[in-house]
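Written out below as structure tokens is the structure these notes cover.
The values are calculated or read from the model by the stated rules, or taken from the named source; none is laboratory data. Everything quoted here is computed from the prediction, not taken from an experiment. So basically every Cβ, Gly included, is an ideal-geometry build from the backbone, and we count neighbours across all protein chains shown. To get the accessible areas, we keep the full protein, side chains included, count just its heavy atoms, and leave off ligands, DNA and RNA. Shrake-Rupley method; radii C 1.70, N 1.55, O 1.52, S 1.80 Å.
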Amino acid sequence: MTDTKPAPIPFLDLKAQQARIAVDLRRRIDAVLAHCQFVMGPEVAELEAALAKFCGAAHCVGVSSGTDALQIALMAEGIGRGDAVFLPAFTYTATAEVPLVLGATPVFVDVHPRTFQMDPAHLEQRIADVRAAGILKPRAIIGVDLFGQPADWPALSAIAAREGLFTLDDLAQSFGGSLHGKMLGTQADATATSFFPSKPLGAYGDGGALFTESAERAAIFRSLRTHGEGTTRYEVLRTGMNGRLDSIQAAVLLAKLAVFPEELAAREKIAAYYDSRLGNAVMTPLRVPNSTSAWAIYAILLKDGADRDAVQAALRDDGVPTAIYYPRPLHRQPAYRDAHDGAALPVSEDLATRILALPLHPDLDDVAVARICDAVLKAVG
Ligand SMILES: *Cc1c(COP(=O)(O)O)cnc(C)c1O
């Protein structure tokens, strides 16, 4: 008999999720096909109300993507040329791209070696660096809730208050996470999230949302997402963008939001199992105190000197897919190198060489999770 290998485990299984919610999904999409208001239809307002309630935010504004949500939030503050925007070096590219698109300068901050979240002490140092150089004006902090866990918002907010800076929460990976018993979405002056299909709450295309406690800010966000319109469509108050949300995406998100709490619980159960089986062989992610994670990404750190390529290849051979978030910190990216002032960011650089993400999604069953752990222990052993 030949050695038949078990089928590969999917890194993400959107088909299994679709089968679970098929009836509600079909009903909601059919409703959009019936009314034909494809952009900013009634589903968008319904979704905004449901999302605001879910995370306890006063206002939610649905937009076209997480990137556009970040951009609208910075545009509303008038951030642009000559302004410094502080953000972690270890995050997805969009966080740094948006200030640059607006003519502002990203100032990269290092992260904590075990939670991967922005390091508040280094943030203070970086603000002091920028003030001492006297070229850029410190304006904003983008705190990223990386991989599902919250950034250290109590510390970031205290620094922002002391320094007079605007805070923007990049919640693209962590919608559904919480800090000190409160769902994320209200920690900063404005919060931006993404509904890209692979995020914990994902649409069937691009989508995003903004949250804020300020009615005034929410009104500006609504105006900016529709070309800066005023009270009538053809009154243009400010330079905006086309940042609207599709009705079909809102319909899909409403169907998914209904099962989101149980999916978050399933994700946490898998993460806890990984922690217990893998904690001695690799560095499992350190939990941010008093928080829950949305577990967008479960990332382990291999021991010093481990050959990550070999570990990945061995896992692939056992049908276990892995991914690297992120193989390069942003200050090392060709597009952003010139914007970087040269400050050392050693933790971000080290993480990029050792980090490895394992599959984690709500349709991963116990057998698959055990198989992944067996394969990891064998590959690093
Ligand atoms: C996905 C992501 C974004 C961008 O969201 P899109 O909806 O893809 O535009 C921004 N920031 C972070 C941290 C992300 O992971």
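For Asp374 and Leu286, what does the FRET efficiency come to when R0 = 30 Å and r is the distance between their Cβ atoms, rounded to the nearest 0.05?
Numbers: r = 24 Å, r/R0 = 0.79.
Computed FRET efficiency for Asp374 and Leu286 comes out at 0.80.
State whether the chain is rounded, prolate or oblate according to the following rule on the C-alpha gyration tensor (a ≥ b ≥ c being the square roots of its eigenvalues): a/c under 1.5 gives rounded; otherwise a/b larger than b/c gives prolate, and the remaining case gives oblate. Walk me through the numbers on the way to the answer.
Values: a/c = 2.02, a/b = 1.16, b/c = 1.74.
Oblate, because a/c is 1.5 or more while a/b does not exceed b/c.
Keeping every protein chain present and rolling a 1.4 Å probe, give me the accessible area per residue for the chain in Å². The partial results should precede the final answer.
Numbers: 16100 Å² over 381 residues.
For the chain, the per-residue accessible area is 42 Å².
Summarise the accessible area of the chain (1.4 Å probe, protein heavy atoms) by the percent that is carbon and sulfur. Working shown, then result.
On the way: 8780 of 16100 Å².
About 55 percent, which is the carbon plus sulfur part of the accessible surface.
Taking the alpha-carbon centroid of each part, what is the distance from the stretch 281-310 to the stretch 1-69 in angstrom?
With the stretch 281-310 and the stretch 1-69 each reduced to a Cα centre, they are spaced 27 Å.
Pop the C-beta distance of Ile21 and Arg244 into the FRET formula with R0 = 22 Å and round what comes out to the nearest 0.05.
Values: r = 25 Å, r/R0 = 1.11.
Using R0 = 22 Å, I get an efficiency of 0.35.
Only sites in a loop by DSSP and with at most 11 other Cβ atoms within 10 Å count here; which GluC sites (Glu not before Pro) in the stretch 193-273 make the cut?
Glu235
How many nm separate the modelled label positions at Cys36 and Ala310, each set 7 Å beyond the Cα in the direction of the Cβ?
Between Cys36 and Ala310, the label points sit 6.4 nm apart.
Would you please give the FRET efficiency between Asp13 and Ala49, computed as 1/(1 + (r/R0)^6) with r the Cβ-Cβ distance and R0 = 25 Å, to the nearest 0.05? Display every interim value, and only then the final one.
Working: r = 29 Å, r/R0 = 1.18.
The formula returns an efficiency of 0.25 here.
Count the lysine pairs in the chain whose Cα atoms sit under 17 Å apart, keeping only pairs 8 or more residues apart in sequence or on different chains. If you can, show how the numbers build up before the last one.
Working: Lys5/Lys378; Lys15/Lys199; Lys15/Lys256; Lys53/Lys182; Lys53/Lys256; Lys199/Lys256; Lys303/Lys378.
Value for the chain: 7.
Just to be sure I understand: with springs between alpha-carbon atoms less than 10 Å apart, which residue in Leu51, Leu33, Leu210 has the highest mean-square fluctuation in the Gaussian network model of the chain?
In the Gaussian network model the winner is Leu33.
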